[in-house]
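First up is the structure itself, then whatever we jot down about it.
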Amino acid sequence: MLSPILNPDCVETSRVVLVVPDTACYRRLCRVHVLPNDRFLEVGCDLGRCTAGVVESLALSIPQEHMDLSPSLQHTDSEQSLLARASAAALGVDRAEESVLEAQRRFPHARFEVCEALSDSGAADLRGLCRARLGGSPSFVAIDINGNRPLDAVLRAVGHTLCPGLAEDEKWHLPRLVVVKSKELYDALTLARSSKLLVNQIQPTASDVDRDHAGSATGGRAQAEPIMEAHTSTI
């Protein structure tokens, strides 16, 4: 299941939603599964540690033939240059301005913006931010709207990611991977032993899928439905 996600040459046949119950696993999955050509978005970045970690992972994936870059990313001039390049592909957003300001202070090599992503108008603002800061729709979305949020709020956040309510002339590509930190959703998936009912609540509409593939390299091939699963890997 995870092999296609890790293989940048694999042809995507589905959109995958991985659900984890805790922060450590959430951050680890984001750092491990981000690919060099990804556009990464974190919704609910709080103080910025996850987004900053992804920027560091992206920096390590930049070709370094002429740079002496240590794995620990000590802040030399060349390493700062790599971080600056990597930060162009990652964005963290949070609705709390004080959290975003603190994230900017702690991690100046990463980018953070204030945005309320759970409402229809907020989702539209978020798409605008992604176009302005990432150059287009994100291919990897991480969602952490406080892991103890009620299940309906978590599903609404995932739904805004997969079914963003586009205008008729608006193009938006669905992310290849969504990682969600939510104890409520994790427990629901584990209890149900099947994600079908939950997936049906966040299924992209036919028009969303059509717009996602308009002009894409897949030649209009229909997408498989998102696969949502609880994930407990310690990789």
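Anisotropy class assigned to segment 107-149 is oblate, per the alpha carbon gyration tensor with a/c at or over the 1.5 cut-off and a/b no larger than b/c.
Taken along the Cα-to-beta-carbon direction at a fixed 7 Å, the label points for L101 and L151 span 3.8 nm.
Values in this text are rule-based calculations from the coordinates and carry no lab data. Remember, predicted model here, so these are calculated numbers, not experimental data. Every residue, glycine as well, gets a Cβ built from its backbone with ideal geometry; the counts of neighbours run over all protein chains shown.
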